[in-house]
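The numbers here are math on the coordinates, done by the rules we state, and not lab data. This one's a predicted model, so the numbers in the text were calculated from it and none came from an experiment. For neighbour counting, all protein chains shown are included, and Cβ atoms are generated from backbone atoms with ideal geometry for every residue, glycine included.
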Amino acid sequence: MKHIFWILLLASQVTFAQSISEKKLSKKKLIEQADYYFFQEDFVKALELYSDILDNYPRNHYVQYHKYVAYQLTAGTSENLDSLKEYEANEGKTDKFYNYWLGRIHYNRYEFDIAEKHFQAFLDLDIYKTKEITVETKQRLKETVKAQEFYLSPNEFEVVNLGSPINSAYDDLSPAFFSGHSELMFISSRDYAHEGTDYKKPTTHSVFHCVKTGESWDTPTSIDALGTFTEKNAKIEVVNNDGRLFLYKTEAGKSQLYFSQPIKNSWSKPIIFDSRLGSANIQSHFFINDAETVIYFSSKTDNGDLDLYQSIYDPARQSWSSPVAVPGLVNSQYDEDSPFLSHDGKTLYFSSNNPESIGGHDIFMSTWNEGSYGWGTPVNLGFPINTINDEINFQMNEDDISGFMSSDRLHGKGGFDIYYFHKQGKVLVEGTVFNNADGSPVANARIDLKPINNDDETFRTHTDQNGHYETEIFTNENFKGLIYVGNQLAHTETFKSEHPEHSKSFEQNFRIDIPEHVEETDFKTLYDKKSEQKYERMEMLGSKFRAGEKAMLRNIYFDVHSAQLTQESYPVLKELYLMLNKNKSLNVEIGGHTDNTGTLQSNMDLSLARAESVKAYLVKQGIATNRLITKGYGPTEPLASNDDEVNGRELNRRIEVRVLN
């Protein structure tokens with residue numbers, strides 16, 4: 001998913017970073033503290049704080065609901081949604097963002113058809129929504145539809161997680177095979193001493209080594225001589241099979257390309273490969289060909305994105321050329337990273353987050369064009385090589401049909417894992433879906449065919465008016481067929497795809513029981529507009545998640561029949577200033593309101609004068625005057641009856657702040 005930068009919330013709320021144990025707070029303040037991180041989309045911290053609150057207030061449904069949302073958007077991506085769905089009847093009706101959150105959750109679970117409905121339902125709600133959240137949701141909806149198209153058309157590759165002990169709950173990256181693929185070195189942030197505990201994941205990475213015995217891998221061991229890596233874009237590569245080991249890492253605050261020689265049963269201490277290829281140039285992943293005559297690497301441009309560069313070795317001078325951008329059409333205004341050159345030198349593979357990606361960083365390939373002497377238009381390798389998550393460290397074996405890569409995709413062991421991929425043959429499957437009751441064909445049924453060993457892949461098709469279907473699937477695989485009528489699952493059946501001799505296809509029919517009632521879920525009916533908030537908390541006015549456009553400035557005091565602010569007003573005004581100073585694109589209306597004591601004209605004049613006093617304070621603090629407009633409403637918009645002072649006229653005398661953009 002493309003990174004979108006959110007407007008930050010009120011700076012004074014940074015005090016929320018104090019732990020609950022450090023400061024005794026009321027339940028309301030504790031919830032506001034957790035909400036701050038939740039709406040900042042720091043779901044890990046929010047989850048921690050909501051959990052702490054529930055230790056003392058276990059029946060608070062609001063906290064339980066937000067905890068489950070945070071959990072599903074972080075650690076619980078692969079788990080069922082039963083706990084969250086329990087809150088649909090209540091929080092689903094009171095939280096206008098319910099469909100938005102469910103859309104994001106289902107998207108992360110690769111359930112794009114459901115995510116699409118939730119995003120659309122949120123957009124269709126006739127409620128107040130910020131421009132930021134509306135634009136963002138439309139973009140998420142667009143990306144969801146695009147991802148669905150990719151996922152329902154898997155290419156000929158099959159992707160397999162290498163599993164334990166190579167992959168762990170931590171990041172496992174940059175596989176480097178040698179000795180005929182019987183030995184593997186890779187980078188990992190694993191910490192054996194604390195694995196399986198609540199210990200926080202380390203921020204450093206080490207090089208690990210393991211040997212394959214038979215069909216299984218021995219437990220990886222760290223190579224201490226190679227040191228540690230502090231950045232996720234660290235890279236290792238073994239050149240010439242069992243030759244030198246190259247490393248990209250940071251030492252003493254400077255990133256460099258290093259190399260290490262094999263010695264006995266270990267490796268030598270890394271030394272700088274070439275000072276010309278230091279941190280001013282190589283700033284992320286690299287690739288060196290077997291002959292050690294060309295280096296491809298990524299480096300930051302003046303615009304802050306990563307582009308691919310190359311340096312050529314000159315044997316006459318025994319030195320590397322100054323790096324230049326790779327020729328052709330590879331580089332863009334987005335990131336191009338993690339290069340790999342095919343063994344014949346004609347195909348360049350790399351990772352990019354350009355608009356043609358499914359989401360995150362995808363693997364692309366570009367073919368060398370001898371005529372233009374440059375690389376051609378990049379082509380996305382599609383699903384299942386790519387997912388909505390990140391794919392890096394791609395490397396193709398010499399056979400051009402198999403290889404390895406790293407990805408933080410769904411259903412992994414945790415963080416980035418190392419995957420093996422290989423091309424798989426396909427066969428045409430065709431057949432008919434019959435009604436079990438009378439044997440008649442079932443038209444317009446949806447058929448999802450999923451390989452049993454990889455539930456993320458789906459080959460989808462539909463029956464025609466005669467109940468017939470056909471599609472290509474992997475050959476010699478066990479499949480699960482799911483038949484849907486409307487939105488209801490009507491039938492599940494397993495079968496094996498076999499490629500018969502002297503035929504290009506095989507037949508697989510299904511007999512199903514038609515559901516009595518086929519209903520579509522209407523997500524739009526979940527939210528109850530009666531729960532719409534009239535006023536938002538001040539600190540939320542700068543957030544895309546604000547529930548309304550207004551905040552009331554309570555505890556603002558003026559002298560009687562005067563627009564002169566009293567000393568007691570300044571703490572609240574400071575909060576308003578801090579919020580506006582933090583959200584510099586925000587323009588607001590400051591509205592003054594009075595009770596009905598006195599004449600209408602005098603109250604209209606007084607309310608405007610008081611609004612002007614608030615504006616004057618903000619301008620004096622440094623807020624630009626063109627961001628503030630004032631308006632006096634007098635007694636025309638009362639919140640309560642003016643018959644009583646308490647809970648009446650005192651509520652009507654107020655200052656309101658309304659967001660204009």
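Suppose a student asked you for the relative contact order of the chain, using Cα pairs under 8 Å spaced at least 6 residues apart; what percent would you report?
Normalised by residue count, the contact order of the chain is 11 percent.
Rounded to the nearest 20 debye, what is the charge dipole size of the chain about its Cα centre when +1 sits on each Lys and Arg Cβ and -1 on each Asp and Glu Cβ?
Charge dipole, the chain, about its Cα centre: 2740 debye, nearest 20.
Rounded to the nearest 0.05, what FRET efficiency is calculated for GLU516 and ILE452 with R0 set to 30 Å and r the Cβ-Cβ distance?
Between GLU516 and ILE452 the formula returns 0.50.
Just one of (i) 59; (ii) 36; (iii) 46 is percent of Cα pairs over 45 Å apart calculated from these coordinates, so which is it?
For percent of Cα pairs over 45 Å apart, the calculated option is (ii).
Any idea how far apart ASN587 and THR203 come out in nm if each label point goes 7 Å out from Cα toward Cβ?
Simple spin-label model gives 4.1 nm for this pair.
Given contacts defined as C-alpha pairs under 8 Å and at least six residues apart, what's the relative contact order of the range 11-151, whole-number percent?
Normalised by residue count, the contact order of the range 11-151 is 14 percent.
Quick one: length gained pulling HIS462 to GLU86 fully straight, 0.36 nm per residue minus the C-alpha distance?
Stretched fully, the HIS462-GLU86 segment lengthens by 132.1 nm.
If you average the sequence gap of Cα pairs under 8 Å that are 6 or more apart and divide by the length of the range 157-423, what percent do you get for the contact order?
Result for the range 157-423 is 17 percent.
What does the C-alpha gyration tensor say about the overall shape of the range 426-512? Classify as rounded when a/c is under 1.5, otherwise prolate if a/b is larger than b/c, or oblate.
Taking the square roots of the gyration eigenvalues as a ≥ b ≥ c, the range 426-512 is oblate.
Would you mind checking the tilt of helix 112-124 against the longest principal axis of the Cα atoms of the chain, expressed as 0 to 90 degrees and rounded to 10?
Value to nearest ten degrees: 20.
So between LEU639 and ASP302, what do we pick up on full extension, going 0.36 nm a residue minus the alpha carbon distance?
Extra length from LEU639 to ASP302 when fully extended: 115.9 nm.
Compute the acute angle (0 to 90°) between the alpha-carbon long axis of helix 131-151 and the principal axis of greatest extent of the alpha-carbon atoms of the chain; round to the nearest 10°.
Compared with the principal axis, the helix lies near 20 degrees.
From the backbone phi of the range 319-325, what are the Karplus-calculated ³J(HN,Hα) couplings (6.51 cos²θ - 1.76 cosθ + 1.60, θ = phi - 60°) in whole Hz, Gly and Pro given as x?
8, 8, 6, 5, x, 9, 4
What FRET efficiency, computed as 1/(1 + (r/R0)^6) with R0 = 51 Å and r the Cβ-Cβ distance, is obtained for SER602 and GLU136, rounded to the nearest 0.05?
Calculated value: 0.65.
Can you work out the FRET efficiency for the pair ALA225 and GLN621, with r the C-beta to C-beta distance and R0 = 56 Å, to the nearest 0.05?
Here the calculated transfer efficiency is 0.45.
Give the long-range amide H neighbours of LYS235: residues separated by 5 or more places, or on another chain, with amide H under 5 Å away, using H modelled in the peptide plane at 1.01 Å from N.
Answer set, sorted by chain and number: TYR248.
Among LEU651, THR458, ALA75, which residue has its Cα positioned farthest towards the positive end of the charge dipole of the chain, with +1 placed on the Cβ of Lys and Arg, -1 on the Cβ of Asp and Glu, and the dipole taken about the Cα centre?
LEU651
Can you give me the long-range amide H partners of ALA490? Hydrogens built in the peptide plane at 1.01 Å from N, cutoff under 5 Å, separation of 5 or more residues or another chain.
Those lying under 5 Å, H to H, from ALA490 are ILE483, TYR484, VAL485.
For a 20 Å ceiling on Cα separation, which of these pairs sit above it: LYS138/LYS450; LYS300/LYS413; LYS93/LYS146; LYS254/LYS300?
LYS138/LYS450; LYS300/LYS413; LYS93/LYS146
So if I take the centroid of the Cα atoms in the range 549-594 and the same for the range 113-190, what is the distance between those two points in Å?
Going from one Cα centre to the other spans 44 Å.
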